[in-house]
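This report concerns only the one structure given below.
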Amino acid sequence: MRILAIETSCDETAAAVVEDGRRILSSVVASQMATHGKYGGVVPELASREHLRAIVPVTRLALEQAGTSFDDLSAIAVTEGPGLVGSLLVGITYAKSICFARNLPLIGVNHIEGHIHAVILESREAPVELPAVALVVSGGHTHLFEVREGFTYRLLGRTRDDAAGEAYDKVAKLLGFGYPGGPIIDQLAPHGNPRAVKFTLAHMKGNKLDFSFSGLKTAVLRWVERRDLADEIEARRKLQNPSIEDWLRWTPQATLDMLASFQRTVIEELLRRAIASAEETGARALIVSGGVASNAGLRAAAREAHLPCPFYFPTPALSTDNAVMIAAAAFVKFRRGAFADLTLRAQANLALAD
Ligand code: KG4
Ligand code: ZN
């Protein structure tokens, strides 16, 4: 049973072939980092254009690497949302046209469910036990879900403003670092003192499992405004294809300390609520997924924390956007017979659960 999955929700064009929901035959990811990097964030119009360019070669390569042709496929899966409409449409239109031409069933997949299934797929040795709590943290989302038997979901908490990855990207941009900022700050953080700056976060009313990162972002902005950092920021902005050593050379200790403190604060916020969710729901596993799940500081903190249940992170390649995770989520829908038809639409704000 082979599924070809296509993922174009944001700024990576990805295709993968997965057998029986678990064996990865191929995974191709074409990143648009070079296109968006100079703007410090994803430019939607450019993203759609790049997807249009990449979708056919990326899909062909995925089939070729899997030693598979369209005739060997059981279904085509595609991300239907959430994401950028223009980007989603490229994948959806292409997937539909293959299904129409080859008479294959179509499966629409929620991108966030894909991130959760990246972990399920990789946990074959010691399978994730349900019910589980899933923390999905990326540039677009920061959500806590209860994952129940049969893969139904309940929303436990979410960010009220910025996503965690977005906070990383905005702080990096403010300080003259490249895009995406998460991996850069993650690599710089061990060079600073995580206790140097105390960021006090506003106390939130309402759901205790909700997140908020805009206050932290503003606190960093104030920290920067109180100092004269114009020269160091300008120097970093001018660096061409910098390595981590280059960033380090142009970043004084005080800024490294602030970045380390920022990262510590984000990690504490994420883990505190993930642990509370697991305790509250009696979860038997904690899943962390999405781009920010590749954060080394977060992984180390999870290892050291007293977690009420085993926890699972995806390998770095399956943390950020990819199509393997879409195929893995589609497999469950395939077995259930949950197929889409050619009226499948792109849904920018598609929710996994209310
Ligand atoms: O899942 P993803 O590839 O795309 C979205 O669905 O958003 O996540 C990308 C996000 C970016 O905001 C990026 O800065 C962040 O994940 N990210 C990280 C790390 N690697 C990627 N954030 C913190 N630490 C990292 N190591
Ligand atoms: Zn994602």
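The values are calculated or read from the model by the stated rules, or taken from the named source; none is laboratory data. A quick note: this is a predicted structure, and the numbers were derived from the prediction, not measured. Here the Cβ is made from the backbone with ideal geometry for all residues, glycine too, and neighbour counts use every protein chain on show. We work out accessible area using only protein heavy atoms, side chains counted, and drop any ligands, DNA or RNA first. Shrake-Rupley method; radii C 1.70, N 1.55, O 1.52, S 1.80 Å.
At a 1.4 Å probe radius, carbon and sulfur cover how many percent of the accessible area of the chain?
Values: 8100 of 15620 Å².
C and S fraction of accessible area: 52 percent.
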Ranking by accessible area, most exposed first, for GLU234, GLU80, GLU166 with a 1.4 Å probe: GLU234, GLU166, GLU80
Vicinal HN-Hα couplings computed from phi for region 50-59 (Karplus, 6.51 cos²θ - 1.76 cosθ + 1.60; Hz; Gly/Pro x): 5, 4, 4, 5, 8, 4, 5, x, 5, 5
Gaussian network model of the chain, Cα within-10 Å springs - most flexible of ILE267, ILE76, ILE98: ILE98
Reachable aspartates and glutamates, given that their alpha-carbon falls under 20 Å from the alpha-carbon of LYS208 and they are not under 8 places away in the same chain: GLU146, ASP161, ASP162, GLU268, GLU269, GLU279, GLU280, ASP354
Cα→Cβ-extended label distance, 7 Å offset, between THR218 and GLU279, nm: 2.9
Degrees between helix 253-281 axis and first principal axis of the chain (Cα, 0 to 90, nearest 10): 50
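At 25 °C and 0.890 mPa s, what whole-number value in µm²/s does Stokes-Einstein give for the translational diffusion of region 62-180, with Rh from the Kirkwood sum over Cα pairs? Intermediate results must be reported in sequence, preceding the final value.
Values: Rh = 17.0 Å.
This corresponds to a translational diffusion coefficient of 144 µm²/s.
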Solvent-accessible surface ranking, highest first, for LEU216, LEU350 at 1.4 angstrom: LEU350, LEU216
For a label point 7 Å along the Cα-to-beta-carbon line of ASP354, residues of region 144-159 with backbone N under 15 Å: 153-156
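So what is the relative contact order of the chain, in percent, for Cα pairs below 8 Å that sit 6 or more residues apart? Spell out each step's value before the answer.
Details: 747 pairs, mean separation 92.1, N = 354.
Value for the chain: 26 percent.
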Spatial extent of the chain: Rg and Dmax, with the Cα atoms as the point set, Å: 20.4, 63
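Taking only protein heavy atoms and a 1.4 Å probe, what accessible area per residue, in Å², does the chain have with all protein chains in place?
Details: 15620 Å² over 354 residues.
Per residue, the chain has an accessible area of 44 Å².
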Hits among aspartates and glutamates - C-alpha to C-alpha of LYS333 under 17 Å, sequence gap 8 or more where chains match: GLU7, GLU19, ASP20, GLU80, GLU113, GLU149, ASP341
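At 0.36 nm per residue, minus the direct Cα-Cα distance, what do SER31 and THR152 gain on full extension? Give it in nm, one decimal, please. If you can, show how the numbers build up before the last one.
Numbers: separation 121, 0.36 × 121 = 43.56 nm, distance 3.10 nm.
Here the answer is 40.5 nm.
Please give the per residue volume of the convex hull enclosing the alpha carbon atoms of region 127-309, rounded to a whole number of Å³. Each step should come with its number before you reach the end.
Working: hull volume 21.6 nm³, N = 183.
Given the Cα convex hull of region 127-309, per-residue volume reads 118 Å³.
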